Amino acid sequence: MFLPAAGALDGELVFHYDADLALTRLTAPRTDTLRGRPGVVIGQLGQSLDGRIATPTGASKYINGRDALTHLHRLRASVDAVVVGVGTAIADNPRLTCRHVDGRHPVRVVIDPRGRLPHDLEMLSDGRAQVLVVTTPGTPVPPGAEALEVEADGVGSMPPCRIVDRLSDRGLTRLLIEGGAETLARFMDAGTMDELHLMLAPIVLGSGKTGLNLAPICGLDEALRPRVRTMRFDDGDMLCVCEFESQAA
């Protein structure tokens, strides 16, 4: 078994997956302040080596292996709330629980500004944890969910910083932005992401949907340059823990 390399916390390679090391940010005292606000926002993305999260036909289960799934559930068990966009909720009908590990299920949060969320989603009736629907004022939400109203901006979008602030008002200060790709990109573009857990499967798809589609940049000096710790799961997948706090806007 490989052990973490010396100096791993300074961005060097870590050979073997270490759950405690990977979750350092989430196990820190809640008094920590990042980017000038309390709490922490973690993103997660599972993809192929060439950055694909699905084939051209939409097939995506399962690009990553069991170890990556277990790590995702550890993330869920370590946060106050897990956040997805309404498109992901409709396509996947996710439960968003931490059933593969011990721990408390997080509050499930769905961003749904136009009231598209179906009434028959499993999370609305399973009783595992609260469901909040982030939506614009006056928009109805399905039974089994509670509305969390956020004012849209001038172009009808819900700024991620406002969503983070409204969740923080509810005491939900440790957030996992789980998907989909568009939601993840919005939080990253807005500068609200403190850390990204990027899980890479040893597979090349060659085509299909890409995982990260951020706003265009003009030069390399504008590129995000996170500090990265890399770990290898037992089943061959890799985890890159990318820390963005030094990129604060």
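Using a 1.4 Å probe and counting only protein heavy atoms, arrange K209, K61 so the residue with the most accessible area comes first.
K61, K209
Mind giving me the nanometre distance, one decimal, between the label points for R227 and N213, set 7 Å out from Cα along Cα→Cβ?
So the two model labels end up 3.3 nm from each other.
Do you know the relative contact order of the chain, to the nearest whole percent, from alpha carbon pairs under 8 angstrom that are 6+ apart?
The normalised contact order for the chain reaches 29 percent.
Taking Cα pairs under 8 Å and at least six residues apart, what relative contact order does the stretch 159-249 come out at, in percent?
Relative contact order comes out at 31 percent.
Residues with beta-carbon under 12 Å from that of L132, excluding L132: net charge, scoring Lys, Arg +1 and Asp, Glu -1?
Taking every other residue near L132 into account, the sum is -2.
What size of dipole, in debye to the nearest 20, comes out for the chain about its Cα centre when the only charges are +1 on Lys and Arg C-beta atoms and -1 on Asp and Glu C-beta atoms?
340 debye
Rounded, prolate or oblate: which fits the stretch 20-146 when a ≥ b ≥ c are the square roots of the eigenvalues of the alpha-carbon gyration tensor, with rounded for a/c under 1.5 and prolate only if a/b beats b/c?
Numbers: a/c = 1.58, a/b = 1.11, b/c = 1.43.
The shape class here is oblate.
Residue farthest toward the positive end of the dipole of the stretch 190-249, with Cβ of Lys/Arg at +1 and Asp/Glu at -1: which of S207, C240, L220?
Sorting the options by dipole projection puts first S207.
Highest GNM mean-square fluctuation, the chain, Cα pairs closer than 10 Å: which of G127, G211, G39?
G127
Considering the alpha-carbon set of the stretch 115-240 alone, what are its Rg and its Dmax in angstrom?
Using the Cα atoms of the stretch 115-240, the pair Rg, Dmax is 17.6, 49 Å.
Taking the Cβ of V150 as the centre, find all other residues whose Cβ is under 14 Å away and add up their charges (Lys, Arg: +1; Asp, Glu: -1).
Working: positive: R114, R162, R166, R170, R186; negative: D112, E146, E149, E151, D153, D165, D169.
Around V150, the charge tally is -2.
For D67, D221, give the ranking by accessible area with the largest first, probe 1.4 Å. Mind showing how you got there, number by number?
Working: D67 45, D221 135 Å².
Output order, biggest surface exposure first: D221, D67.
Classify the chain from the C-alpha gyration tensor, please: rounded if a/c falls under 1.5, else prolate or oblate depending on whether a/b exceeds b/c. Write down the numbers at each step before the final one.
Details: a/c = 1.41, a/b = 1.35, b/c = 1.05.
Verdict is rounded for the chain.
Between F15 and D50, what length in nm is gained on full extension when 0.36 nm per residue of separation is reduced by their alpha carbon distance? Don't jump to the answer; show the numbers that get you there.
On the way: separation 35, 0.36 × 35 = 12.60 nm, distance 2.09 nm.
Computed gain between F15 and D50 is 10.5 nm.
Angle between the Cα long axis of helix 160-169 and the longest principal axis of the chain, 0 to 90 degrees, nearest 10?
Helix 160-169 and the main axis of the chain meet at about 80 degrees.
The values are calculated or read from the model by the stated rules, or taken from the named source; none is laboratory data. This is a predicted model, so every value here is computed, not measured. When we count neighbours, we look across all protein chains shown, and the Cβ atoms used for this are built from the backbone with ideal geometry, even at glycine. Only protein heavy atoms, including side chains, enter the accessible area calculation; ligands, DNA and RNA are left aside. Shrake-Rupley method; radii C 1.70, N 1.55, O 1.52, S 1.80 Å.
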